[in-house]
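The values are calculated or read from the model by the stated rules, or taken from the named source; none is laboratory data. It should be emphasised that the depicted structure is a prediction, and the values quoted were computed from it without experimental measurement. With ideal geometry, Cβ positions are generated from the backbone for all residues, glycine too; neighbour counts draw on all protein chains shown. Just the protein is used for accessible areas: all its heavy atoms, side chains included, with ligands, DNA and RNA removed. Shrake-Rupley method; radii C 1.70, N 1.55, O 1.52, S 1.80 Å.
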Amino acid sequence: MSTKFDEGLQADSAVMAAEQGSVHFPAAASGAANGEVPQSMKLGVVFLGVCCFGLLISTIYLAVDRNNITNSTPSSASPEFGANPCAGKKPDLPNVACVIDEVEMTYATGEQAGANVTKGYVGLRNTTAVPITVPYRQVGLCPVNVHWHLGAEHYSAGEFDENGSGPSDEDHEEREGFQCSYYDENDEKFTTAFEWKHCIGMQVGQTYEVHWPHSAAGMCNTPWQYQTPFYDGVFCQDGILTDTAQQIGVQAQVFTIVNDETYYKPDLFRGMIVEGDFGADLAMYTGSTTGTSRDNEICSQFAPITWQVDRKCHLISASSFDDMCAAMKAQADNMDDDLHAHGSRELVADEHAANNQANRKNRRNA
């Protein structure tokens, strides 16, 4: 099954590799005067053929054995690719109290996420940071991780909000965010169990918010591009980041999972889906990293960074998520800690949300 991905919004590392790292063959040397092909060239052709055949066999093997993909390699090294250059690169920036002086409203850190992304909403936190308003790959950022949260951390009125619903019999260990409004207990696609092979603890009918962190300091177009924790990927290369709002960005898209192959979307691993109403209406603002270790009293120091959030909730097949998890298992770094849903941070209060919200309509759908 195929789909179309917008080359701008979809941070496709394979496309970037083709643009930035294409292999160029040197011009062939002149042959013998009588036109006979030199022996060295014959050997080169044979060698190239053997290599291509080996690559083809390896590719077929990985495709056939996809259900058995595992990755027990420590994050610091890979038998095939050596030492992980990104291991341990997360800066030591612990969470802090959001406000230093409540009378003067002196803040300890920058604006926070996830915020209200309803069209027309504007936060109360004054900021000089400017969000990236073009597709990330246009400004040299590549995806360095993918992970997701239980429920939506962002709020979009009428799409994922306090009126949404989902399976009610699940006792979650993680904090659940906002739900979409698609769930129907009388519709089998929301209630029929799926046999998960790669993702952990997932549930049909549930809402999840997927995040794709991007960075200008990632190991783009290398085996070490994707990292867990994502901080290692974001901060991998030293001496690159000088303006975090313009060099670090996150794509966010919210889904309700169904057991129905009609809703299959390939390559969820690589970035936000852009097709039809997927990724068609984006909210863009600067905020912070998220997660349940932060709330409206304790804030993240990883700010400001850009957020580009799809305002609409979408249905997607469970198999789409499971294929994403299979791709995660195949990475050089061990991404096992991101194969399950993380808890959702409570909605950021207006006073901690930036006042620089921008909008973009996908021109393909405008």
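Conditions (1) open to solvent by 10 Å² or more (accessible area, probe 1.4 Å); (2) under 17 Å from the mean Cα position of the chain (by Cα); (3) closer than 22 Å to residue 115 by Cβ, marked per residue:
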| position | (1), (2), (3) |
| --- | --- |
| 259 | yes, no, no |
| 271 | no, yes, yes |
| 283 | no, yes, yes |
| 290 | yes, yes, yes |
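Residues in region 295-305: is at least one among the charged types (D, E, K, R), modelled with pLDDT of 95 or more and buried (at least 19 other Cβ atoms within 10 Å of the Cβ)?
No, region 295-305 contains no residue that is among the charged types (D, E, K, R), modelled with pLDDT of 95 or more and buried (at least 19 other Cβ atoms within 10 Å of the Cβ).
Out of everything in region 174-194 that is open to solvent by 60 Å² or more (accessible area, probe 1.4 Å), of a type in the set (Asp, Glu) and in contact with a strand residue (DSSP E or B) (Cβ under 9 Å, 6 or more places away or on another chain), what residue ends up being nearest to residue 122 (Cα to Cα)?
My answer is 176.
Has region 62-80 got at least one residue that is at pLDDT 85 or above and open to solvent by less than 50 Å² (accessible area, probe 1.4 Å)?
At the first step, the residues of region 62-80 found to be at pLDDT 85 or above are none.
The answer is no; no qualifying residue exists.
Name the single residue that is farthest from residue 290 (Cα to Cα) among those in region 153-173 being modelled with pLDDT of 95 or more and open to solvent by 70 Å² or more (accessible area, probe 1.4 Å).
163
Residue 245 fails exactly one of the following numbered conditions: (1) touching a Phe, Trp or Tyr at 6+ places or on another chain (Cβ under 8 Å); (2) farther than 17 Å from residue 145 by Cα; (3) hydrophobic (A, V, I, L, M, F, W, C); (4) open to solvent by less than 20 Å² (accessible area, probe 1.4 Å). What is the number of that condition?
(1)
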